[in-house]
Amino acid sequence: MEVMEIRFQKAGQSHWAVNQLQVQAGSQIVVKFNHCQDLAQVVRAQDLTSEEVALDEIVVERTAVATDLTHAASNQVDAQAALHQARQMVRQHHLRMKLTIARYTLDRHKLIFYFTADGRVDFRELVRDLASVFKTRIELRQIGVRDEAKLLGGIGPCGRQLCCSTFLGEFVPVSIKMAKNQNLSLNPTKISGLCGRLMCCLQFEDDMYEEAKAALPDYGERVQTVDGPGKVVGMNLLSHVLRVRLDGHEVPVDYDLEEIKQH
């Protein structure tokens, strides 16, 4: 069965549907999802079984045409104007929340606002007022700081666009252990992204670092080198080079893994 991964926003949450139209990656399609007609982009299409992927309740209607794309662009302009007005209404209701972005579904049956807040927010009165102003169904979705960075985008410390806003569909767990594996500075400003959380890219090469680490002696371990015994005081995981302080010597020496024998 050929299925396709689709997203309603660039680098947004992934959904799966049967590829009835036999479309290719990068295609724009019109679908029916959650009782609304919406525009989606195909990320990839491949043969998978029902055990390998969970299909969402999505009805694929057709390949998007020029009028659909024009309509979606017009909706985005209107959503931006709605966001500005909604922010004013949030202040009027004295709610401790920050609206991040807004978007209409293609058929304008739903206007979705994404917001951040420190805790739970009672926005029922706000929703009623928004519905009376915009004359459509209103949905407020609370998101975290990582999701906010994903939606807004930006430039990371590496000088490139944020991974989360360009290609990451789902966030993956990132731990401080990954930074330690790569011998990175544990200064939070050095290993944190724009969202203030650990950078997603720490996870990209972690498996390789873990594999290299398992093949090398640990810090402080006694080893036998071609020049005699010593203790491991440093290492370059990717190049498989160990820094060893030989017994009776103060200055450490670098050795390739092939030149080392563990005790």
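The values are calculated or read from the model by the stated rules, or taken from the named source; none is laboratory data. Predicted, not measured: the structure shown is a model, and the values here were computed from it. Neighbour counts are summed over all protein chains in view; Cβ atoms, including those assigned to glycine, are modelled from backbone coordinates with ideal geometry. Note: areas computed on protein heavy atoms with side chains; ligands, DNA, RNA excluded. Shrake-Rupley method; radii C 1.70, N 1.55, O 1.52, S 1.80 Å.
Taking every C-alpha pair closer than 8 Å and separated by at least 6 residues, the mean separation divided by the residue count of region 114-195 gives a relative contact order of 24 percent.
Per-residue SASA remark: residue 249, around 100 Å² accessible (1.4 Å probe; ligands, DNA and RNA not included). All C-alpha pair distances within region 22-156, sorted into 5 Å bins from zero, spread as 2, 9, 16, 18, 18, 15, 12, 7, 3, 1, 0 percent across the bins. Its DSSP H runs of at least 4 residues, each contributing -39,500 (n - 2.57), put the calculated 222 nm mean residue ellipticity of the chain at -8000 deg cm²/dmol, to the nearest 500. The HN-Hα couplings worked out from phi for region 98-108 by the Karplus form 6.51 cos²θ - 1.76 cosθ + 1.60 (θ = phi - 60°) are 10, 6, 9, 9, 9, 8, 8, 6, 4, 8, 6 Hz, whole numbers, x standing for Gly and Pro. Just to confirm the number: angle between the C-alpha axis of helix 206-215 and the first principal axis of the chain, 0 to 90 degrees, nearest 10? It is inclined by approximately 20 degrees. Estimated translational diffusion coefficient (Stokes-Einstein, Kirkwood radius over Cα pairs, 4 °C, 1.567 mPa s) of region 56-132: 92 µm² per second. Taking the DSSP bridge list for the chain and keeping only pairs wholly inside it, about 90 percent are antiparallel.
How big is the chain by the Kirkwood estimate over distinct Cα pairs, in Å? Every distinct Cα pair counted, the radius reaches 22.5 Å.
Among 10/180; 150/180; 190/213; 177/231; 177/261, which pairs are too far apart, with a Cα-Cα distance over 29 Å? The pairs that break the limit, which is 29 Å between Cα atoms, are 10/180.
Mean separation of Cα pairs under 8 Å and 6 or more residues apart, divided by the residue count, gives the chain a relative contact order of 11 percent. Counted over region 110-239 with a bin width of 5 Å, the fraction of Cα pairs per bin, in whole percents, is 2, 8, 14, 13, 13, 11, 9, 8, 6, 5, 3, 2, 2, 1, 1, 1, 0. Within region 1-80, the ratio Rg/Rh, alpha carbon atoms throughout and Rh by Kirkwood, equals 0.98. Using 0.36 nm per residue and subtracting the Cα-Cα separation, the extra length available between residue 78 and residue 218 on full extension is 44.5 nm. Close amide-amide hydrogen proximity is noted between residue 142 and 115, each under 5 Å apart and 5 or more residues distant or on a separate chain (H modeled in the peptide plane; Pro and chain starts excluded).
Seen from a random direction on average, the alpha-carbon convex hull of region 168-263 projects onto 7.2 square nanometres. The peptide list 220-227, 7-14, put in order of mean Cβ contacts within 10 Å with the highest first, becomes 7-14, 220-227. Look at the alpha carbon pairs under 8 Å that are at least 6 residues apart: their mean separation over the length of region 32-179 gives a relative contact order of 18 percent.
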